[in-house]
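Peer 1: Input: one structure, supplied below.
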Amino acid sequence: MVRGLIERTKLAHQVTEEEAIAFSQLGDRLFDELASRIATRRDYRLLFEHTLKPELFQQIQIAAAGYVSACLNSPVILSEAEMLERLLEAKGTIPNYMGTGLLMPKREHILEFNTFQKSVANAFRQLGANDLIDAVDLPVNLRIVYGKMAADKLRLPFTSTKRHSDVWAGVAADATVVVLPLFGDIENITIEAGEMPREMELPSMRVMSDFSEGRDIPMVVSYDNASLQHGTMYFNDARGLHQTVRRVSDGVRISVDFRFRRKFNEAYRAMVPPSGGGVETDMSVPYEDWLKVGTDSLIVFDESVEAAKARKNNSGAVPLYTRDYRTVQMF
């Protein structure tokens, strides 16, 4: 059954078995090089971990708490318990909370968000692979994931509860996805990951109209022991499959995620046919510019909370991702 699906997928996208295997092998070599520089633990082909120094993780936690507290209109930085409680109380009413779980900064949050962005960049630059990084998402995503969703939300085309590759939503096929859990119930509101068959990786690197379009692509290797830990960064190759899993009705998880593309992979990029029309726009900027935000430049959001609330109320929908910001030089 799996072999038949592989053949149909390759035929539909005009990929030979030799091309598919060459793509997978080259992708592995590039990912292995990243892991050799960054990983503090490597148990899986398309996933590795880096446990941050405690002081770096604490800096990110404090900055993230400051940003979330500002979004909750708190005059002081809330403790973890207070923050999680307030988020549960405010569920469904936060104007800058997107359906994808993103807490999008607005004009009122500029200083707090820049501090948060800077703290993530400061930790990332210390991982040991600066010469390999080409471009990184700006801004980084602060994601708030609640417990079990309503049935209508589970039917959304690009809900993360469906098993998927980020490429299916428009992310570059050569991207690496980074997730860093910060607060909350990461045991019961978590992420499960794994691999599709090697032969299906290249023909599956395309935009889909719905994550359900890839439902027949099997996860043949499951990363069962890759459980989320606070303070550990998880690096997942874009070829990997993953999904959000909610085992509880209540509860909340706060994490940061972003994607980057590496240098010296022109041949790998050239193997993937051009694809457009995804729901995710390219949010990347040159790595050297990304590192400067919060230090030499500021990322500025012009829309106010009130304007976001009005737009949300009027349209009943919000974009999944938007590049509605500008950067200004501080000096």
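The values are calculated or read from the model by the stated rules, or taken from the named source; none is laboratory data. Predicted model only: the values in this text are computed from it and were never measured. Here Cβ is always computed from backbone atoms with ideal geometry, including for glycine, and neighbour counts include all displayed protein chains. Accessible surface is based on the protein model in full, side chains and every heavy atom, while ligands, DNA and RNA are left aside. Shrake-Rupley method; radii C 1.70, N 1.55, O 1.52, S 1.80 Å.
Peer 1: If one computes the Cα centroid of the range 93-151 and of the range 13-83, what distance in Å separates the two points?
Peer 2: 12
Peer 1: Another one. If you average the alpha carbon positions of the range 283-316 and of the range 228-276, how far apart do those two centres end up, in angstrom?
Peer 2: 21
Peer 1: Express the accessible area of the chain per residue in Å², computed with a 1.4 Å probe while the remaining protein chains stay in the model.
Peer 2: Value returned for the chain: 45 Å² of accessible area per residue.
Peer 1: So how far apart, in nm, are the two label points at Asp296 and Asp43 if each is 7 Å from Cα heading toward Cβ?
Peer 2: With each label placed 7 Å out from Cα toward Cβ, I get 4.0 nm.
Peer 1: Let me ask something else about it. Contact order normalised by length for the chain, with contacts defined as Cα pairs under 8 Å and 6 or more residues apart; what percent is it?
Peer 2: 27
Peer 1: Still on this structure, please answer the following. Mind checking which lysines have their C-alpha under 18 Å from Lys53, skipping anything on the same chain fewer than 8 residues away?
Peer 2: Within the straight-line limit of under 18 Å, Lys53 reaches these lysines: Lys118.
Peer 1: What number in nm² do you get for the chain if you take the convex hull of its Cα atoms and divide its surface by four?
Peer 2: That works out to 16.6 nm², a quarter of the Cα hull's surface.
Peer 1: Once you have the alpha carbon radius of gyration of the range 96-238, what is it after dividing by 2.2 N^0.38 Å, with N set to its residue count?
Peer 2: 1.13
Peer 1: How far apart, in nanometres, would the label points at Asn225 and Thr93 be if each is projected 7 angstrom from Cα along the Cα-to-Cβ direction?
Peer 2: 4.6
Peer 1: Roughly to the nearest percent, how much of the accessible area of the chain is carbon and sulfur, given a 1.4 Å probe?
Peer 2: Accessible surface attributable to carbon and sulfur in the chain totals 52 percent.
Peer 1: Could you pull out every one of the lysines with an alpha carbon less than 16 Å from that of Lys106, ignoring same-chain neighbours closer than 8 positions?
Peer 2: The reachable lysines, counting only those whose Cα sits under 16 Å from Lys106, are Lys309, Lys312.
Peer 1: If I model a spin label at Ala22 and Glu266 as a point 7 Å from the Cα along the Cα→Cβ vector, what separation in nanometres do I get?
Peer 2: Once both label points are built, they end up 1.7 nm from each other.
Peer 1: I would also like to ask the following. Can you compute the radius of gyration and Dmax for the range 16-122, using only the Cα atoms, both in Å?
Peer 2: 19.3, 60
Peer 1: Can you tell me how much longer the chain between Leu111 and Asn73 gets when fully stretched, taken as 0.36 nm per residue apart minus their C-alpha distance, in nm with one decimal?
Peer 2: Gain on extension, Leu111 to Asn73, equals 12.3 nm.
Peer 1: Next question. Using DSSP to define loop residues, name the chymotrypsin sites (Phe, Trp or Tyr not before Pro) in the range 205-272 whose beta-carbon has at most 15 other beta-carbon atoms within 10 Å.
Peer 2: Counting only loop positions with at most 15 other Cβ atoms within 10 Å, the chymotrypsin sites (Phe, Trp or Tyr not before Pro) in the range 205-272 are Phe264.
Peer 1: Specify the angular offset, from 0 to 90 degrees and rounded to the nearest 10, of the alpha carbon long axis of helix 2-12 from the longest principal axis of the alpha carbons in the chain.
Peer 2: Approximately 80 degrees, to the nearest 10.
Peer 1: Hey, another quick one. Name the residues whose placed amide hydrogens come within less than 5 Å of the amide hydrogen of Asp134, ignoring near sequence neighbours (fewer than 5 apart) on the same chain.
Peer 2: HN-HN under 5 Å from Asp134: Arg261, Arg262, Lys263.
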